[in-house]
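Working notes, beginning with the structure itself.
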Amino acid sequence: MSETITLEVLRYRPETDSEPHFQRYTVPYRDDWVVLDALNHIKDNLDATLSYRWSCHMAVCGSCGMTINNEPKLSCHTFLRDYRGGVIRVEPLDHFPIERDLVIVMDSFMEKLSGVKPWLIPKQEKPLSDGEYLQSPAELNVFHQYTQCINCVLCYAACPQVGLNEDFVGPAALALAHRYNLDSRDGGKGARADVVASNEGIWECTFVGACSQVCPKQVDPAAAIQQTKISASVDWLKDLLTPGAHR
Amino acid sequence: MDVIEIDVAIVGAGGAGLRAAIAVAEADPTLTQALISKVYPMRSHTVAAEGGAAGVIKDNDSLDNHFHDTVSGGDWLCDQDAVELFVNTAPLELLQLEHWGCPWSREANGKVAVRPFGGMKIERTWYAADKTGFHILHTLFQTSLKYPSIKRFDEYYSTDLIVEDGRCTGVIGIEMRSGRMVAFRARAVVIATGGAGRIFPFTTNGAIKTGDGMAMAYRAGVPLKDMEFMQYHPTGLPGTGILITEGSRGEGGILVNKDGYRYLQDYNLGPPDPWPRKKAMELGPRDRLSQAFWHEQQKGRTIKTPHGDVVHLDIRQLGEKMINERLPMVRELAKAYVGVDPVHELIPVRPVVHYTMGGIHTDIDTATSLPGLFAAGECACVSINGANRLGSNSLAEIVVFGARAGRSAAAFAKAHPKPAAAAKAAEAAQANLRELFAREGGSDTVSSLRKAMNDTMESGAGIYRSEDTLRQTCGVLADLRARYRKIQLQDRSNVFNTDLIQTLELGCMLDVAEAMAHSALERKESRGSHQRLEYPKRDDASYLKHSLARYRDAGPPSISYLDVVITKSPPAERVYGGAAT
Amino acid sequence: MSRRPYVRKIERNWWLQHPRYVAYMIRELTSLFVGLYCALLAIGLVRLAQGHAAWDGFVAAFSSPPGVVFQWLCLVFAIYHSVTWFALTPKAMPLMVKGEPVPGKLIVGAHYVAWAAVSAVVLMAAGV
């Protein structure tokens, strides 16, 4: 008999289950399969009622975040071979309500994301006919890392502060605000500060660092938040010394 | 059924849908909008595009160059008025993205950088490292958040267009998290739902690319155009089909067979210069490169792997620094999914289904034959891609024609009255769904029918097709469609029922697959990505025409033809390799 | 309709459920000892101001076995806190020179150098 591996998947069907419970599935073991392949095998061959989100299968669309053996991960980028001989426990991401099975409710994240005004607020508006805003590779380098976020929300699942205070704006949204604040074309830092530098913003972060550890794209939101803290403190001090001169 | 009244409904929130929504908001902020998508916008498959977006911006280039590359790349099946509009507008739209914050890669002087791409005579492909689609999508999504009139309906699966008195007046969708059906009553509707690569078994396309919008329009009587043209990208990773961008060849990567030989020189693409010569060798068009692979395979010069035959892509000569800077994702993907570090090793690649050239037939303003219905992006066929799309034209296409669709829809909405209540259409859609939920006794599963469809499309309508294989595929598809009508849901719940969604998606794919197979069967010539073994030559006398597949409820689609718009480039031989530069 | 999103409760011992949260809680705990030690030093200053007897009593308490144990504990925690904090500094204070990021090791190293220098100055001032 060919080799198999067991998945323990958290199931929750709100129409029939009062609370979530684990269900075991045994799937073929393949060296080059990721957890998502195993879930697709279950969906196609064992149990069509299992629900989860996925699309690109190449770690860029951000759909398939799940808790895999207690660790927030993209299931399309988590190989069975790293769990060979063991049981793989698959749960929905922490700190979000479970809609059904592995599908979480994303509403709060979407609101937080738009709350930080994550769009370019130009220092100086100029018409298209004047061509591009010049930006040197060095200037691009300053914020490039923070453009890499795929909104997979693994960082929200990892951050205990998100779990303890549901109003915390959270790592990905704050990192995105930082991305625009650092962009040489942008002048919107002041406009974003109301949300970013609020109690529910950067000051709710206690620098656990978990967000950066689980980030599949090395965005390092923890760094973004600490840098924002420093810059917000400097702005506050400047404002204190010369009231009204800034923003 | 809940009814939501709006001015413009946009189905699909990828690059084209988002760009359309922004265009509507900018055309008139008082117009109400529903941006409806079965996934959150940032999951849309635009996200996976890697290499770049074409637009003339450098002094050594001209709009005419871009025009001629595109038309010859499309084997003269492009509508030249549309191509002209496209090449003229692309630089402005890409610049607009820059003004919205897109992190384009730059030259030392701060100007936007461009890279060479397949079939392009001059380098004109704007790029953001090798995640261009990702950055375009996120830039558009984030920018869309600043327009209050763009109201999103995330994770709503659209099932039917509402058509009354010969006008499209809305769309019916299912809110996935509740199972609730909603009728969006709209003055104008834009479809921007992307392609249908999932019809094939081995594809770069994400799970969501199931041709839903194409099927919706098709069933509502709008023809699907040029569906026989399916692009195989020459460099996908074996097993997963993950795309390795053409940008890797634009930067100087080479393709070699099992003997380490740059085999493309044997297919009229030479000379094999050590540097990347434009429109030659590895920078030839995708159809030629994928076909060359097929021939190498016939000659036994490819490399056998458990996931099918491959050739090797070699980018080692670029060096670690350049790879990290310009192709970081290629490195990451190759390491993760095939265990190869391209800095030191060869990447195994094989042709993979990538792009649906055909789609919903639209005019140059993105209007379909159904008043009030517009379409843009991969789901549409405005005919700039012809028989073979050039790499990096599609990211430019989604913004050029996405914006145009938004403006057209806004103008249409303002010029037409609010539609009356659509009780009949809503009832019909609801009845269909109830019937599906109630159905008993089916023995087929979604996955088994899908697999059968995938297999027959690959064996019958792949890189090379023939009368026999296509007839067989058409027969299998007819059988699958009949069986599909009896399929039974395995999950009858309301909340986030992905069995239901996959079932509906399969229905869409089967309809679209049939349009592809029959269009391919009827086109008795070889042109671009459509290669018929028994008709190896292009036949302009009979087939310098677009095919139009029209839906018929019972039986296969009817196929008719429409003249290609030729303005300034009379059909000629496609020339690549040394002679082209 | 039939939606009924399930909200999982955060358990009181959430921080025991993953090593990185345990490490984080220890770091948080260390700040308590660093704070306590600072408070004791402040009390020492007050005692000094109150005169010789008060100061001697304070020193005696500090030199008693429990006092020594407490100071060792504080030292260990303070070192743990400093080391983990230094390790994080490249994130909080990244530097770019000529468009290239300064390696994290250099930033961390600079902190250790500064620490050593300040400690040397303090020890010299104390006449050790």
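The values are calculated or read from the model by the stated rules, or taken from the named source; none is laboratory data. Worth saying up front: this structure is predicted, and the values here are computed from it rather than measured. Note that each Cβ is placed from the backbone with ideal geometry, even for glycine, and that neighbours are counted across all protein chains shown. We work out accessible area using only protein heavy atoms, side chains counted, and drop any ligands, DNA or RNA first. Shrake-Rupley method; radii C 1.70, N 1.55, O 1.52, S 1.80 Å.
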- Within the set of other residues whose C-beta is less than 14 Å from the C-beta of B:I57, count the net charge using Lys and Arg as +1 and Asp and Glu as -1. -3
- Ranking by accessible area, most exposed first, for A:L237, B:L390 with a 1.4 Å probe: A:L237, B:L390
- Item | the stretch A:107-241: relative contact order in percent, alpha carbon pairs under 8 Å with at least 6 residues between | 31
- Taking A:K238 as the anchor, which lysines have their alpha carbon closer than 24 Å to its alpha carbon, excluding any fewer than eight residues away along the same chain? A:K117, A:K123, A:K189, A:K229, C:K91
- Task: Using a Förster distance of 41 angstrom, determine the FRET efficiency expected from the C-beta separation of C:E28 and A:D235, and round it to 0.05.
- Result: 0.90
- From other protein chains only, count the Cβ atoms within 10 Å of every residue's Cβ in C:84-92, then give the mean. 4
- Based on the mean of other Cβ atoms within 10 Å per residue, sort peptides A:191-199, B:231-239, B:518-526 so the most packed one is first. B:231-239, B:518-526, A:191-199
- Note on the structure: The FRET efficiency for B:N65 and A:S184, from their Cβ-Cβ distance with R0 = 45 Å and rounded to 0.05, is 0.90
- In terms of the charge dipole of the protein assembly as shown, which places +1 on Lys and Arg and -1 on Asp and Glu at the beta carbon, the residue among B:H135, B:F229, A:A158 farthest towards the positive end is A:A158
- Query: Mind checking the dipole of chain B: about its Cα centre, +1 per Lys or Arg Cβ, -1 per Asp or Glu Cβ, Debye to the nearest 20?
  - Reply: 400
- Task: Shielding by partners for C:25-33, please: the mean number of other protein chain Cβ atoms within 10 Å of each residue's Cβ.
- Result: 1
- Task: Could you let me know the centre-to-centre spacing of the stretch B:558-581 and the stretch B:344-369, using Cα atoms, in angstrom?
- Result: 18
- Using a probe of 1.4 angstrom, how much of the accessible area of the protein assembly as shown is carbon and sulfur, in percent? 56
- Note on the structure: Sorted list, accessible surface of protein heavy atoms, 1.4 Å probe, largest first, for B:K451, A:K189, B:K225 is B:K451, A:K189, B:K225
- For the protein assembly as shown, give the share of DSSP beta bridges that are antiparallel, in percent and rounded to the nearest 5; count only bridges with both residues there. 70
- Message: Which order do the peptides B:430-441, B:370-381, B:26-37, B:482-493 come out in when sorted by mean C-beta neighbours inside 10 angstrom, highest first?
- Response: B:370-381, B:26-37, B:482-493, B:430-441
- Choose one of B:S448, B:L95, B:A280: the residue whose Cα lies farthest towards the positive end of the charge dipole of chain B (beta-carbon charges +1 Lys, Arg; -1 Asp, Glu; about the Cα centre). B:S448
- Treating the beta-carbon of each Lys and Arg as +1 and of each Asp and Glu as -1, no other charges, what is the dipole magnitude of the protein assembly as shown about its Cα centre, to the nearest 20 debye? 600
- Quick one: accessible surface of A:L10, probe radius 1.4 Å, all protein chains present, in square angstrom to the nearest 10. 20
- Karplus-derived HN-Hα couplings along the stretch B:539-553 (A = 6.51, B = -1.76, C = 1.60, θ = phi - 60°), whole Hz, x at Gly and Pro: 10, 5, 4, 9, 10, 7, 8, 7, 8, 10, 9, 10, 6, 10, 4
- Heavy-atom accessible area per residue of the stretch B:425-563, all protein chains kept, 1.4 Å probe, expressed in Å², is 41
- Query: What number comes out for the charge environment of B:G206, summing +1 per Lys or Arg and -1 per Asp or Glu over other residues with Cβ under 10 Å away?
  - Reply: +3
- Message: I'd like the accessible area for B:D365: 1.4 Å probe, protein heavy atoms, all chains in place, Å² to the nearest 10.
- Response: 60
- Query: Label-point separation (nm) for A:T16 and B:E26, each offset 7 Å from Cα along Cα-to-Cβ?
  - Reply: 5.0
- Mind checking which helices in chain A clear 18 Å along their axis (Cα) and have mean Kyte-Doolittle hydropathy of -1.0 or more, DSSP H runs only? A:221-241
- Query: Is it possible to state the helix-based mean residue ellipticity at 222 nm for chain B, with each DSSP H run of 4+ residues giving -39500 (n - 2.57), the sum divided by total residues, to the nearest 500 deg cm²/dmol? What is it?
  - Reply: -11000 deg cm²/dmol
- Per-residue SASA entry for C:Y24, accessible area with 1.4 Å probe, Å² rounded to 10: 20
- How high is the FRET efficiency between C:V76 and C:L45 when r is their beta carbon distance and R₀ equals 30 Å, given to the nearest 0.05? 0.80
- Quick one: ranking C:W72, B:W104 by accessible area, 1.4 Å probe, largest first, what do you get? C:W72, B:W104
- When Cβ neighbours within 10 Å are restricted to other protein chains, what is their mean count per residue of peptide B:170-179? 3
